[in-house]
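Have a look at the structure below before the remarks.
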Amino acid sequence: MEQPHTAPAPPPSRRLHAWERRTDPVLLGVGLLFLASWALPIVLPQLPENADRWLERAQQTAWALFAADYAIRVWLSDRRGHFIATHIPALLVVLLPLLRPLAVLRSLLLLTALMRRVTLPLRMRVTVYVSGWACFLALVGAIAVLDAERRSADPTIVTLSDALWWSLTTMTTVGYGDLYPTTLEGRLIAATLMLSGIALLGVVTASIAAWFIERFQQTSAAETRNEADLRLVLAELREVRDRLDEITRRQDDDVSGATAPDR
């Protein structure tokens with residue numbers, strides 16, 4: 001029976017890749033601007049009203065730039081339906097205002113492009129990625145839960161230091177219980193950090209296990225090579241000893257023949 005032929009996926013659009021290479025540094029700056037304009041009113045609630053308005057406009061401008069970039073990438077893609085289906089988080093960031101603080105996550109993917117140009121082992125790259133994402137998620141989660149808990153009637157997280165401590169204990173799944181969210185939004189943030197923390201810890205554990213396995217394999221391979229080299233040296237020594245014994249016997253025979261009395 002003839003097997004159905006599966007056509008290979010078409011190569012990605014060159015125009016799309018060119019656009020992403022050119023706009024990644026710009027989007028990184030826009031993402032950092034977005035994060036700063038979102039976090040400053042939460043961390044510094046005593047800012048003047050004019051500053052709040054300017055920061056709100058900066059958020060709206062950054063969001064508009066992200067939306068325009070997403071629309072342009074869809075237009076440049078060869079398979080627009082496939083692009084939309086495989087970039088759901090970016091679409092949700094544009095459509096849902098509650099996810100706008102997470103828009104900076106996509107711009108931070110510039111780290112991936114930078115790491116491609118650095119010759120580091122895969123394990124080291126995984127460590128750098130996990131460390132960066134863990135620090136970033138802890139910071140964003142702390143600011144987000146602080147913003148959510150300030151609207152609670154009986155909050156337990158009231159300062160940035162409390163929020164950072166809570167974020168770290170939540171991501172590491174320690175959960176001391178001294179600080180906890182009381183609002184629905186805060187609990188959703190906590191659930192996100194818990195799942196993210198479990199995933200990050202799993203990646204770290206797998207990376208450490210892979211390092212031990214790699215070291216064990218290297219040590220085992222080195223021992224195998226040493227044993228093979230030792231066997232080869234012993235074989236050569238036996239051969240040399242056999243030759244020396246043969247030469248010694250010949251010399252003894254010659255000496256015996258030369259000193260034997262004539263009859």
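Just by accessible area at a 1.4 angstrom probe, what is the order of H87, H82 from largest to smallest?
From most exposed to least exposed: H82, H87.
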Cleavage-rule hits (chymotrypsin sites (Phe, Trp or Tyr not before Pro)) in region 159-263: DSSP loop, at most 13 neighbouring Cβ within 10 angstrom: Y176
Solvent-accessible area of T172, probe 1.4 Å, all protein chains present, reported in Å² to the nearest ten, please. 70
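The values are calculated or read from the model by the stated rules, or taken from the named source; none is laboratory data. Nothing here was measured: the structure is a model prediction, and the numbers come from that model. In this analysis, Cβ positions are derived from the backbone assuming ideal geometry, glycine residues included, and neighbour counts consider all displayed protein chains. For the accessible areas, the whole protein counts, side chains as well, though only heavy atoms, and no ligand, DNA or RNA atoms are used. Shrake-Rupley method; radii C 1.70, N 1.55, O 1.52, S 1.80 Å.
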